[in-house]
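As structure tokens, the structure follows; a few thoughts come after it.
Only the coordinates and a few stated rules stand behind these numbers; no lab work does. What you see is a predicted model; the values in this text were computed from it and never measured. Here Cβ is always computed from backbone atoms with ideal geometry, including for glycine, and neighbour counts include all displayed protein chains.
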Amino acid sequence: MVTEPDAAKAADLILVEDRLWVASAPTGVPGYDFAFGNFFHCKRPWDRPAVVHAVGRIGAPLRSVGEPDDQGIPPSFEFRTFCWNGCLVGDGPYWPAADYGWSGSDRRAGLELAEEAARRINVAFPVIDVAQTDDGRWIVIECNDGQESGYTGASALGIWANVIALLKDVSV
């Protein structure tokens, strides 16, 4: 397994089609890895701007909750959170086949990070997936659109009841 400092060293910063900077590192999981250079013109310029805004495709060592699925993707201690205009309206385990949950300080830390991410992206109905790393830190895995995301382990009824309560200006 690649440790975080090793993963950072292994990251490749490429300029794709002279338009998009991508920081990428292989994870060893085909469903996540993508060889940009096989499909696009890529450069690795030594002379770069002082600040580079890049898309990150770099895996992190996550806390495991089970064996890899048939695509080789190991389920992690990951949760999907739903927010409505900055208010948490639902959450649940991301991996349906694994038996796990969160509580106490883990739940508070994960939800705090998800709510901060939702605040920063500032959209009405974001879904923020968060996971815990092997060393206990919480990270954002991805941000999604609440209109398109699956509920996974979150209660659909609970989410929509909370949204309606907020719209009625009732405390949830």
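In plain terms, the residue of Trp160, Trp102 with the fewest other Cβ atoms within 10 Å comes first and the most crowded comes last, giving Trp160, Trp102.
Among Leu62, Leu113, Leu15, the largest mean-square fluctuation in a Gaussian network model of the chain (Cα springs under 10 Å) belongs to Leu15. If the segment from Glu17 to Leu157 were pulled out straight at 0.36 nm per residue, it would be longer than the present Cα-Cα gap by 45.9 nm. Comparing Gly56, Gly158, Gly37 in a Gaussian network model of the chain (Cα springs below 10 Å), the most mobile by mean-square fluctuation is Gly37. Couplings 3J(HN,Hα) for the stretch 55-72, derived from phi with the Karplus relation 6.51 cos²θ - 1.76 cosθ + 1.60 (θ = phi - 60°), are 7, x, 10, 10, x, 10, x, 9, 5, 7, 10, x, 7, x, 7, 5, 9, x Hz, where x marks Gly and Pro.
This model, with +1 at the C-beta of Lys and Arg and -1 at the C-beta of Asp and Glu, gives the chain a dipole about its Cα centre of some 480 debye.
Normalising the average separation of contacting C-alpha pairs (under 8 angstrom, six or more residues apart) by the number of residues puts the relative contact order of the chain at 18 percent. Note on the chain: with a GNM built from Cα contacts shorter than 10 Å, the maximum mean-square fluctuation among Arg44, Arg63, Arg107 falls on Arg44.
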